[in-house]
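The values are calculated or read from the model by the stated rules, or taken from the named source; none is laboratory data. None of these values were measured; they are calculated from a predicted model. With ideal geometry, Cβ positions are generated from the backbone for all residues, glycine too; neighbour counts draw on all protein chains shown. Each accessible area value is taken on the protein alone, full model and side chains, heavy atoms only, with ligands, DNA and RNA left out. Shrake-Rupley method; radii C 1.70, N 1.55, O 1.52, S 1.80 Å.
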Amino acid sequence: MKKNPPQLRHIHILVSTLCLGLFGIASNSAWAQTANEQIPLTKPVKPTKPAKPTKAQTQQATSPTKADSNQNESGLSKDILYKLTASDIALQRGEWQSPFITIMGLAQQTRDPRLAKRAAEIAMSAQQVDESLAAVRLWRELAPGTPEAEQYYLSLLVIKSDYTGIEQFFLKLLEQSSGEERNGLIHQAQITLNRTGDKKAALQSLEKILVKDKESLAGHIALSRAAYRSGDSGRAQQEAQAALAIEPSSELGILTLAHASEKNAAFTLVADFLKRYPQAKEVHLAYATMLLESKQLSQAKVEFLSFLQSPEKVAMPRTQVLYTLGSIEMEMGQLDTAENYFKEMIDKISVNEDSSSAYISLAQIALQRKDKQKADLWLSKINKINKINDKDEPNPVWFNIQMRRALLLASDGKSREARQFLQTISTSKDSEQALLLQTEAQIMRDAGQTTEAFVLLQMALGELPGSPDLLYDFAMLSESLKYYPEMEMALKQLIQIAPNNALAYNALGYSYADRNVNLNDALSLLEIANQLNPNDPYILDSLGWVKFRLKSYSEAEKFLRQSLSMRQDADVSIHLAEILWVQDKKDEAMRLFADANKKDPQNVLLKNTLQRLALTLP
């Protein structure tokens, strides 16, 4: 079964404070994910005293040379500036190796940390880990204790899963720290190791780092978390209990123990703790959140109402309490009460808080009441610019909301007005332009203008040929029009530019299976999709269908039963029913056909299947 992605995708905000945005072009997931995660140091490394210069170095620094006479205000000679300019030009041409070697050589020659930093930036942009590490090591050597260089270095150690290097890094910092500063470093060591791949190796490394701190409160909590991550819940509980033995009132200790315990035990632990320490704000909030996550809405409502009546009980802004209560009431079907909470939140919100979530919830309430005009009115109130910490910042949800407003307008039979509305929306990046074109194409499809939508997406791909979302939408529309060569070309291109896109493998594999062509290729594609996204019900359905085409009926039945257990879908029921029918399991097959008909009487797949099997439902 092909899985259609949500039409309105959230705009991802990549926060790269650690690496200053240098990893924005990274496509390798392991590199990009780690590099974009900030690994702040609790304590910057103390600068070491520079070594006393030798006589030769002193003479070199003070004696004028030809290069020195040509230096500008930056302290760099004209020759060096020329090489830097040439390197920048090479970088603009897409080269990285020659500029890296040049600037790295200049850094070693001049002993200028700025050049070492530039070399590191070039290597990181090219996703060259070893070269990045070499440049950062030189940077650290030339400018000892620079926090930015230390953060780069630690990030690269994580990328390489260099456990020995991480151990040495934190052991050195711990030698220079004490008190709360030391506790912060212990926590940071555990968080950093969490970002590495081998969970058991991470726990072993943390044990080495905490060789002098394993009996401290912070040490026990860090080890508990690492043990839980490695799959050793027994050890995790023991470490958390040891932390509570040191400090029975530790909120961090009880929350760590609850996290390592099974659900019912966690509730009991937290409730008992609150009886002994009723002023524990973080634990009180955690308890209310646990109730909410376990869908115990009535009890969660009581807790959050208590926060509203007694704000001192919890460290949570009043506006967030109001929003949570509104969400609970909305979930419970009390739309009037929910609406009042969201409106009160908007009234109470400060200039530095974002009200978007409240307006979105009010729009959802309006839609539940089938009032599309009111829903659009609420969405129109969402600001394009938010004031955050007294600074104007773009609202990351604003653009998506405008797409939603266009779809709302179109769903009310006003497709022309919806497309005109889209023309008023300006885009600032390719991803927004792609989403705008996708939205317009969807509006045209929904209005029955499929050929026009096909042309639009074809033109959009001429403008944005590397957009995965446009390629996928174009492929799906091509298939609906039975333009199979165009569909296959688009999906193959998508697989080439996004080799980890499970949707593309699944769509192409299912299309082959559904048309009963290239079945071996279909099976290979769907097995890759399943590896990329295990236990996806859509992919399992596709696997079941290709197994059916290959006459592996027992395997087909297994995959389809698994898919149906995860997602009650009419198409999956129909596929499973047909497989059961050919295996002479006719009673169950007829029940599934009847269930599918009840869920979706107009289902095209059901009608075609019943016609092919010459069946009539009672």
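Here are the numbers for the structure shown:
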| read-out | value |
| --- | --- |
| Förster-model FRET efficiency, 22 Å R0, K384 and L335, C-beta, rounded to 0.05 | 0.20 |
| Given charges at beta-carbon only (K, R positive; D, E negative), |dipole| of region 249-395 in Debye | 200 |
| Shape category assigned to region 485-618 from the gyration tensor of Cα positions, a/c cut at 1.5 | prolate |
| Listed residues H187, H259 arranged by accessible area, highest first, probe 1.4 Å | H259, H187 |
| Positive-end residue of A243, T146, A135, charge dipole of region 125-283 with Cβ unit charges | A243 |
| Rounded if a/c under 1.5, otherwise prolate or oblate - region 386-476, Cα gyration tensor axes | oblate |
| Stokes-Einstein D for the chain, Kirkwood Rh over Cα pairs, 4 °C, 1.567 mPa s (µm²/s) | 44 |
| Range in the chain, longest, excluding exposed GluC sites (Glu not before Pro) [loop by DSSP; at most 11 other beta-carbon atoms within 10 Å] | 263-618 |
| Region 209-327 shape via C-alpha gyration tensor axes, a/c threshold 1.5 | prolate |
| Relative contact order of region 92-212, pairs being alpha-carbon contacts under 8 Å that are 6 or more residues apart, as % | 17 |
| Whole-number accessible area per residue in Å² for the chain, which is evaluated in the context of all protein chains at 1.4 Å | 52 |
| Accessible heavy-atom area order of D430, D347, D569, D371, highest first, probe of 1.4 Å | D347, D430, D371, D569 |
| Simple Cβ-charge dipole of the chain, Lys/Arg +1 and Asp/Glu -1, about Cα centre, in debye nearest 20 | 400 |
| Surface share of carbon and sulfur [accessible, 1.4 angstrom probe, percent] for the chain | 50 |
| Normalised contact order of the chain, rounded percent, pairs of Cα under 8 Å and 6 or more residues apart | 8 |
